[in-house]
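*Asks:* Please read through the structure below; I'll follow up with questions.
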Amino acid sequence: YSFMFMDVDKMVMGQHLSRPGSCWREFYPMSVMKCQRDECLNSDQDYSYWMTTRVPKQQSCSNYYPDGDISAVEAKQKYISRCVVCVSDYKLVSYHSFTANPPTDQEMAVISQKGWEKVYSGYSYIMQVGPGRAFGNAVFDHESCRREFTPTMIAQTYKKDVRFISSNFKSMWLIDSSAMPDRNMKVDSAQDRESFIQNYLGKCVVLRRSIEKKMYYYSDNPDTYEL
């Protein structure tokens, strides 16, 4: 289950989504206590935050996510994102276009020449915000390039309940600075989300070292190095 971060008495601890610590074997709604030398304390300000499943493309956000608190059992079955921990011999990195268009063919050709190959395309994600607390990503890491865009991909657990809707829940995404809108953009409906994705949302690709050119990494002059 995809864990994002924890807020305990206004102290935040998070896990980068590209790290195995973000993928928990179980979904824990209430998973910590604060221990001192002589006692362990319950708190009324213990929250954990988990990545949710994406909103189906033809459905609105408001119709998909529950309106209010639900049980941890129901959340686990329907709304909490799943993950796997993988082993790889190759480092993954993100390359962001900083525009609403994917990296150009010319950029990708240069990237290929330098010994990298494309793994997947995505959208440029920066950070997730809970009620006044947040946890971000390393922009060069592949966690910052999301395969899917959902405006608020977060569920908050409080004791044994799970909540999805709050004005405090926000996600931060890179957009095309040349297409900066002069008004707020609606993204609840499928049509509005698709318009925002096409015209404003930053695009990116995740790269890995090419198997054929894996030794390229050790060149002192990568622009002129030849195998």
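*Asks:* May I have the extent of the alpha carbons of the range 8-157 along their three principal axes, as whole Å values ordered from largest to smallest?
*Replies:* Between the extreme Cα coordinates on each principal axis of the range 8-157 lie 60, 42, 28 Å.
*Asks:* Within 10 Å, count the other beta carbons around each residue, average over each peptide in 78-91, 186-199, and list them highest first.
*Replies:* 186-199, 78-91
*Asks:* Over all Cα pairs of the range 1-87, how is the pair count split among 5 Å bins, expressed in % and running from 0 up to the last occupied bin?
*Replies:* Calculated P(r), rounded to whole percents: 3, 12, 20, 20, 19, 15, 7, 3, 1, 1, 0.
*Asks:* Kindly write out, for the range 69-77 in residue order, the coupling ³J(HN,Hα) from the Karplus curve 6.51 cos²θ - 1.76 cosθ + 1.60 (θ = phi - 60°), rounded to whole Hz, with x marking Gly and Pro.
*Replies:* With coefficients 6.51, -1.76 and 1.60, one gets 7, 10, 6, 4, 5, 5, 4, 4, 6 Hz.
*Asks:* Further, regarding this structure: Apply 1/(1 + (r/R0)^6) to the Cβ-Cβ distance of residue 199 and residue 54, taking R0 = 30 Å, and write down the FRET efficiency to the nearest 0.05.
*Replies:* 0.90
*Asks:* Quickly rank 144-155, 53-64 as a protection proxy: mean count of other C-beta atoms within 10 Å, highest first.
*Replies:* Those peptides, ordered most packed to least, come out 144-155, 53-64.
*Asks:* If you take the charge dipole of the range 1-154 about its Cα centre, with +1 on Lys and Arg Cβ and -1 on Asp and Glu Cβ, which of 116, 20, 96 is farthest toward its positive end?
*Replies:* 116
*Asks:* Of all accessible surface on the range 60-122 at a 1.4 Å probe, what whole percent is carbon and sulfur?
*Replies:* Within the range 60-122, the accessible surface is 52 percent carbon and sulfur.
*Asks:* Where Lys and Arg each count +1 and Asp and Glu each count -1, what net charge lies around residue 155 among other residues with Cβ under 12 Å from its Cβ?
*Replies:* Summing Lys and Arg as +1 and Asp and Glu as -1 gives 0.
*Asks:* Find the accessible area per residue for the chain; the probe is 1.4 Å, ligands and nucleic acids are left out, and the unit is Å².
*Replies:* 60
The values are calculated or read from the model by the stated rules, or taken from the named source; none is laboratory data. Keep in mind that this is a model prediction, so the values were computed, not measured. Neighbour counts are summed over all protein chains in view; Cβ atoms, including those assigned to glycine, are modelled from backbone coordinates with ideal geometry. Side chains are part of the model used for accessible areas, which takes the heavy atoms of the whole protein and leaves out ligands, DNA and RNA. Shrake-Rupley method; radii C 1.70, N 1.55, O 1.52, S 1.80 Å.
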